[in-house]
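Asker: Below are the structure tokens for one structure; questions will follow.
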Amino acid sequence: METIMKKCSYSVIVLMLALPVMFRGLFFEFDFSVFAAIALSALAFMALFSKNIKFSAYCDTSLAVFVALYGLACLFGVNKGLALTEFLKYLTIFAIYIAVKAVAKENEGKTAVMFAVVLAAGISSVISLLTAAGVLNYPAAYSTSEIEKWLNGTLQYHNAFGALAVTALFVGCALNKNNSKSIKIVNGFFGYFIAFGMIMSFSRGAWVTAPFAFIVYMIFADKKTRLSFFEFAATSVLATIAVLSKFTQFVEAGNTPSAVLWLLAGLVIYAVLYVIVSVIFKSFKDMKYFNITAILVVAAIVVLAAIIVLVPEAFSTILPAQLMERLSGISFGTDTVKERFVFYKDALDIAKKSPVFGLGGGAWQDLYGMSQSYYYSSSQAHSYIMQVLVETGILGLLAWLVTVVIFYIQAVKLLIKNKADRKVLAGVVSAATVLLTHSIIDFDLSISALSIILWALFAVVFAYDTEKAYKINKYVGVAVCIVLIIPFILNAVALNVYTKGGRFFANQQYKLAYKQFDKSAALRPLDSLALSYKAASLSFNIESQSERQQVVLDMDKAEKLAPNSILTVQNAMTTYSNVGAYEIAMDYARKLVTLQPMNIQNYYSYLVSGYQVVSYYYRGENPALAKKISDEVLTIKDFVEDLNSKRLEKIEFTDEMKEMLMYFQVVSYNVE
């Protein structure tokens, strides 16, 4: 019975780590809510039978503090609903981490975690490649625009997919030396597709992490595991390069049979290269010849990479033009790198508002508009470090960095004391290095699937720690899981209803939209968007004074929950216009300008709103009030002039907007 339960636990962990990647990386709240409800149910079942569920004072405390700080941020977060969502997300990931750590006490458990990473990246790569070839039609797995013909995997974002592929490639190198033949065969099969996915992601940031991970891999690996890098990773990359140009040529031509044929040809080349390299290295009686050969191979790879980057025309006939362009564009001078530093500067400006405890989960997306140096649209800071700083402050960032430091210290201790399987250490630590380094320059870890994988890699190393480990009562574990399941079920139902309401609202079916948003708001009382859309929907069909009061009440509650949410403020502007409170609507229009001053559309909305109010009073019996409001609107010119002196991008009024400003000047002058 115990053996059966262990195998079930391993299977659950593999599914729990691999499946999230298939569902858009659980980046979207609905996807995560459904996954969390299912995963927590499985964890509750595991908690009843597992004997290894423990809390380590040394390894787990900093992660627990990190999660707790997200919980603390719910009290004063700028967006109460998003802050709670992030807290529940990290609580769930922590629960998965504890479960993985329990399973990883056994060697089979460690293998299961590593296999799950390869499986996730492998299946995602196959789906993406077959979508590119025209066999499948997975949404957004392959970008087809003229300048972005790359693989996004099932994560819908090429940089995150590239990071996942590099991560899995290093894990695969370690699994290549696993004793199980079936695991080695599956690992070898997916290795080629993972390498193909890594290259065709065209993610320069992911590629740049590979040298750092390679150094870490070589430090922690024993001699046989180092050999595995050349058997597994190097051969799969070479096989990909051999067929890449032909594959992309037929993909762009829409020739599905030929594209698939060349994809399979690469798999055959990989198998042949793998056998040749394995035979060559096995023939070495003395390992010193292996070391010399390894050094020469690494040197050759470095020289080859340098030639590709510095003299790209030398390979222009072999490699696709887009790949050459991406390789030659690896530098600190590219537009994407410059944009990243602008994001980081803006994130630091936001973090200053609450430097110690942060501003709560989701704070960036509500506040970045006020700090941005030029107009851009992004719900993420494009740096996990900056995201954590904004959301949990210096304390949260310290808790995260302490966790990372403890992870590497623990790994080095295991290496020095020779207390761990070297191939496991090499695969896990190098893979974690990829995700950690890439997360500094991108939002990988905001994609829940990748956070789950990283925390699972932490768990494998921390599973070796047995000092000051306190056993968690199984009934407490079950109770925690059940308590967490409830909000995720409610969340999933509420988001489904909310989506239906959004469709009705877009089609101007406001009565139907109101019913859906009303249900959603009841299930998620901290969701400012559901409340604001509920109020906006009702404002189109007000039939009584009580309904008017309900609209105002709901909108007031929504604004208090998320006073800086662009959509909430836009809904408030619409709502108060519909009920005839034009001056209040105008105030919200001005607030939009304050929240996102680099968005020219907000100025247009403000001027239109002001025009409606001023016209009403100017033509009526209160021209003095019209003048007062006109003078207030005209201050926008000074606001823009001051803004233009501080920001990288300048705000320029359109001719239509200039005409409206002229109207306000005429009203102000005539009343005088």
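Asker: Considering only region 447-554, give the helices (runs of 4 or more DSSP H) lying wholly within it that have at least 1 residues that are among the polar types (S, T, N, Q) and surrounded by fewer than 19 Cβ atoms within 10 Å (Cβ to Cβ).
Answerer: The helices (runs of 4 or more DSSP H) meeting that bar are 474-506.
Asker: Name the residue that is modelled with the highest pLDDT, counting only residues in region 377-410 that are in a loop (DSSP other than H, G, I, E, B) and either within 19 Å of Val356 (Cβ to Cβ) or hydroxyl-bearing (Ser, Thr, Tyr) (or both).
Answerer: Ser383
Asker: Determine which single condition Leu17 fails, assuming it passes every other condition in (1) within 23 Å of Thr111 (Cβ to Cβ); (2) surrounded by 15 or more Cβ atoms within 10 Å (Cβ to Cβ); (3) over 16 Å from the mean Cα position of the chain (by Cα); (4) at pLDDT 85 or above.
Answerer: Result: Leu17 passes all but (3).
Asker: Tally the residues that are open to solvent by 30 Å² or more (accessible area, probe 1.4 Å) and either among the polar types (S, T, N, Q) or not in a helix (DSSP H, G or I) (or both), restricting the search to region 208-232.
Answerer: 1
Asker: Looking at this structure, is Tyr374 aromatic (Phe, Trp, Tyr) and either modelled with pLDDT of 90 or more or open to solvent by 70 Å² or more (accessible area, probe 1.4 Å) (or both)?
Answerer: When the stated conditions are applied, Tyr374 does not pass them.
Asker: Select, from Ala95, Ala116, the only residue that is open to solvent by 20 Å² or more (accessible area, probe 1.4 Å) and part of a helix (DSSP H, G or I). Lay out the reasoning, then the answer.
Answerer: On the way: Ala116 fails: open to solvent by 20 Å² or more (accessible area, probe 1.4 Å).
From the options Ala95, Ala116, the qualifying one is Ala95.
Asker: Find the helices (runs of 4 or more DSSP H) located wholly in region 559-672 whose residues include 1 or more that are free of Cβ contacts under 8 Å to residues at least 60 places away in the same chain, under 29 Å from Asp527 (Cβ atoms) and within 35 Å of the chain's Cα centre (by Cα), and list them.
Answerer: Hits in region 559-672: 566-578, 582-595, 600-619.
Asker: Could we say that Leu84 is assigned to a helix (DSSP H, G or I), more than 30 Å from Ser532 (Cβ to Cβ) and among the aliphatic types (A, V, I, L, M) here?
Answerer: So Leu84 fails the test.
Asker: Looking at Ala42 and the list (1) in a helix (DSSP H, G or I); (2) farther than 18 Å from Ala449 by Cβ, which single condition is not satisfied?
Answerer: Among (1) in a helix (DSSP H, G or I); (2) farther than 18 Å from Ala449 by Cβ, Ala42 violates only (2).
Asker: Additional query: Among the listed residues Glu86, Glu106, identify the single one that is open to solvent by 10 Å² or more (accessible area, probe 1.4 Å), at pLDDT below 95 and not polar (S, T, N, Q).
Answerer: Glu106
Asker: Evaluate the following for Asn79: is it polar (S, T, N, Q) and surrounded by fewer than 20 Cβ atoms within 10 Å (Cβ to Cβ)? Explain how you work it out, then say what you get.
Answerer: Values: polar (S, T, N, Q): yes; surrounded by fewer than 20 Cβ atoms within 10 Å (Cβ to Cβ): no.
So Asn79 does not fit the description; no.
Asker: In region 434-446, which residue that is open to solvent by 10 Å² or more (accessible area, probe 1.4 Å) and β-branched (Val, Ile, Thr) is nearest to Lys101 (Cα to Cα)? First the steps, then the outcome.
Answerer: First, pick out the residues of region 434-446 that are open to solvent by 10 Å² or more (accessible area, probe 1.4 Å): 436-437, 440-441, 443, 446.
Cutting the leftovers down to β-branched (Val, Ile, Thr) gives us 437, 440-441.
Working: Thr437: 23, Ile440: 25, Ile441: 28 Å.
The selected residue is Thr437.
Asker: Inside region 551-603, can you point out the residues that are over 21 Å from Gln508 (Cβ atoms) and charged (D, E, K, R)?
Answerer: Result: Asp556, Lys557, Glu559, Lys560, Glu583, Asp587, Arg590, Lys591.
Asker: May I pose another question? Tell me, which residue of region 171-188 that is open to solvent by 10 Å² or more (accessible area, probe 1.4 Å) and assigned to a helix (DSSP H, G or I) is nearest to Ser203 (Cα to Cα)?
Answerer: Gly188
The values are calculated or read from the model by the stated rules, or taken from the named source; none is laboratory data. Given the structure is predicted, the values throughout are model-derived calculations rather than measurements. Using ideal geometry, Cβ is built from the backbone for each residue, glycine included, and neighbour counts are taken over all protein chains shown. Just so you know, the surface numbers come from the protein's heavy atoms only, side chains and all, with ligands and any DNA or RNA stripped out. Shrake-Rupley method; radii C 1.70, N 1.55, O 1.52, S 1.80 Å.
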